[in-house]
Structures are given as structure tokens and as C-alpha cells.
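Have a look at the structure below, then the notes.
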Amino acid sequence: MKINYFETLENPFIIDIEDKEEYTLEDYIDIQKKLEEKNVELDPFIESLYTYPMVYPIEEIKRRTKRGLVQKIIDVSNNILPKKQLFKLGDGGDGKRCFVCCTQLASDRYDASQGILQSLEEVGFNGNFLLLNGGFPNPSGKEMKYAGVPYSFKVFMMLEAKKLGFEKVIWIDACCYAINNVDRLFDVLDEDDAIFKSYHANCFIHDSCKNYILPKTIELLSNLVGREIYDDPNVNSIVFGLNLSSEKIQNFINDYYEMVKLGLPFLSNFPEEMVFTTLLNKPEYKYVFNNCPKVYQLYVHEAHKNREYAKQVGYYFSQRGY
């Protein structure tokens, strides 16, 4: 089994498929098979990277980094194929605002995603909601081959909304349930280009970078941005919004695509969040951290504050447990 991906700078997750804007059932069956084959192949490689004890055991690292390889993009046995749905809520607002979410099929996340629309209706949101269950977001027809890159789908899903004409787009994890009016979040995107919660390095654990990210990945990320990343404020992307009409955000997305093409930067316990963290701490993007006080109440887990209390004190979303 191959384990020298870092030496050759090859993407260990990429699958050999044709770029297309639309895929057939036969294509999806082939894609699913190739993801499953990659899943078996990569264990020795990931194990070779685990060279010192981390707070997360190797099995958890493998579970997270192989998330894209074990996802169920189709469910032929139950006759369920990928389904993309766009919902207009209220009067649709200015036609530029959209929440997005995508999930694999036959999973707790799929089940949870079915309640997002109702929650947005309950808080009186005027805008749109784009939901993809199954498949993989493929806005330019070139993303499907990266379906195995762990947790790489969030930006791609946001670009699916941009393709439909939306400019202010907010990703929400399937666990999110809106509990207060969310229109203000899109105003923040107008003002500041991005929305997310962030935390100081080592906020939750000493040497968090070394405990979250595999050693070779730390080295690669540091080399790619020309700085040590150990003390970077961390990006949390459970709720993650971007102003897609901003030139700086467009540049960030271009940088993100380069990371996806490599695949290797996603080898950590928080794959997309550590890539977001590394990129958004570049000098040209770091301004997006300045709005932290505005989004302090972006979401809270129901284990920390029950939904009713979280609503009373002004949180936008309650994060449900799976």
C-alpha cells in the first residue's frame, strides 16, 4: 500500500472519474465503489502519520479523515438517489440570501437535516434554503472527484447556491435548529464578509494544534502559508457564512480549492476547520475575525443551554445532538 503521499504531494483521496456537471445512476454507482476502494487503501497511510500520542486516538483520526470515503452518496437498495431542493421562505427577501446544507443518505445527519426548513419557517426567515441529500456538491462540474477529501463539501455547497444567483450564503450543519430570527446574520455578511465562531489557540486543550492535526499536515500547512500555524485562532464552521460577492472572499475560495486539490491539508481531526483556520489567518483575510462580538450568540449546543433558554438569551441556533 502506498504511504508516501506527502513526499510526492499527491492527493490520497482523489478518485479517477470524469468531470461532469450531471452524473447518471451508473456514474454514482461507480463513484461509490471507488470511494469504498480508497477507504480500504488508506489505513496504512494514515497510521504511518500518527507518530506521537494525540488527545484523539488513531481510530478517531481515521474515522474523521475517512469520512468522505465511507459516505453513502446513493442508496440503490432503497431506491434513493441524490436529491437537491431549493425552498423559498417568506417573501424570499432580496433574493440574494441563502442557507445551505448537505448530507449523505441513510444517516443521522440526513434525518436531522429534514427539520431545518421547519425551524427557518418558525423564526420567520425571509430568504432561501438549499438542501442536498446524497451525492456531493459539484458546482463547476469538477468537484465530484474530490468527494473523498474529508469535510471538503461546505464551500462547494455554498457555491451551488452562488450558481443559482445567491451572494450571501451561510452553511449550517444538519444539527442546527433556528430559534430566533436569522435575518441579521446576512446583514453581518454585508458588513464583514464572513460569519463564524472562533476560539483562541489552546482554548480547550494545551498544544491544540499538535493534538488536532497530524504532524506532517502541520508541516505542510505551515509551508503553504509561510508561517507557523500553532497560535492561529481557530475557525469553527458549524455555522459558516461568506459574502460570495466580495473579491477577497473569492480569493479565499481560490486558495481553498488549491488545498482541496492537494487533499493532504485535510488530514486532521477537524479537516475543513483547520484548513479554514490556516487560510483565514493569512494577513489578507484576517480581518474576518474582527466581528466576533457580533456573532457570539451564533449557536449553542443543547447540552449547554436548552433550546428555550437559548432562545430567551438571543442565540440564533440550537445545536442538537445526533
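For this structure, a couple of remarks:
- Residue that is in a helix (DSSP H, G or I) and under 19 Å from the mean Cα position of the chain (by Cα), where the choices are V288, V300: V288
- Hits in the stretch 18-52 (condition: in a loop (DSSP other than H, G, I, E, B), aromatic (F, W, Y) and either surrounded by 18 or more Cβ atoms within 10 Å (Cβ to Cβ) or at positive phi (or both)): Y23
- Test result for L81, more than 19 Å from the chain's Cα centre (by Cα) and either more than 26 Å from F13 (Cα to Cα) or of a type in the set (A, V, I, L, M) (or both): yes
- Candidates P283, P293: the one that is modelled with pLDDT of 95 or more and more than 21 Å from the chain's Cα centre (by Cα) is P283.
- Subset of the stretch 59-81 that is aliphatic (A, V, I, L, M) and either in contact with a Cys (Cβ under 9 Å, 6 or more places away or on another chain) or part of a loop (DSSP other than H, G, I, E, B) (or both) - its residue that is surrounded by the fewest Cβ atoms within 10 Å (Cβ to Cβ): L81
- Residue-level check: of (1) at pLDDT below 95; (2) outside any loop (DSSP other than H, G, I, E, B), A106 misses just (2).
- Test set (1) of a type in the set (A, V, I, L, M, F, W, C); (2) in a helix (DSSP H, G or I); (3) touching a residue at least 24 places away in the same chain (Cβ under 8 Å) - V55 fails condition number: (2)
- Test result for P265, more than 25 Å from S113 (Cα to Cα), without any contact (Cβ under 8 Å) to a residue 60 or more places away in the chain and touching a Ser or Thr at 6+ places or on another chain (Cβ under 8 Å): yes
- Of the strands (runs of 3 or more DSSP E) contained entirely in the stretch 138-255, those carrying at least 3 residues that are of a type outside the set (G, A, S), crowded, with 19+ Cβ neighbours inside 10 Å and in contact with a Gly (Cβ under 9 Å, 6 or more places away or on another chain) fall at 168-172.
- Each residue in the stretch 300-322 was checked for being in contact (Cβ under 8 Å) with a residue 60 or more places away in the chain, in contact with a helix residue (DSSP H, G or I) (Cβ under 9 Å, 6 or more places away or on another chain) and either exposed (fewer than 13 other Cβ atoms within 10 Å of the Cβ) or charged (D, E, K, R) (or both), and 2 of them qualify.
- Selection from the stretch 111-128 of residues that are over 15 Å from the mean Cα position of the chain (by Cα) and either part of a helix (DSSP H, G or I) or buried (at least 22 other Cβ atoms within 10 Å of the Cβ) (or both): D111, A112, I116, L117, Q118, S119, L120, E121, E122, F125, G127, N128
- Of all residues in the stretch 276-285, those being in contact (Cβ under 8 Å) with a residue 40 or more places away in the chain and either assigned to a helix (DSSP H, G or I) or surrounded by fewer than 18 Cβ atoms within 10 Å (Cβ to Cβ) (or both) number 6.
- Evaluation of G92 against (1) without any contact (Cβ under 8 Å) to a residue 12 or more places away in the chain; (2) under 19 Å from E160 (Cβ atoms); (3) in a loop (DSSP other than H, G, I, E, B) (one fails), failing number: (1)
- Check on T277, hydroxyl-bearing (S, T, Y), under 21 Å from C203 (Cβ atoms) and more than 16 Å from the chain's Cα centre (by Cα): no
- Condition met for M1 (surrounded by 14 or more Cβ atoms within 10 Å (Cβ to Cβ) and not in a helix (DSSP H, G or I)): no
The values are calculated or read from the model by the stated rules, or taken from the named source; none is laboratory data. All values derive from a computational prediction rather than experimental measurement. In this analysis, Cβ positions are derived from the backbone assuming ideal geometry, glycine residues included, and neighbour counts consider all displayed protein chains.
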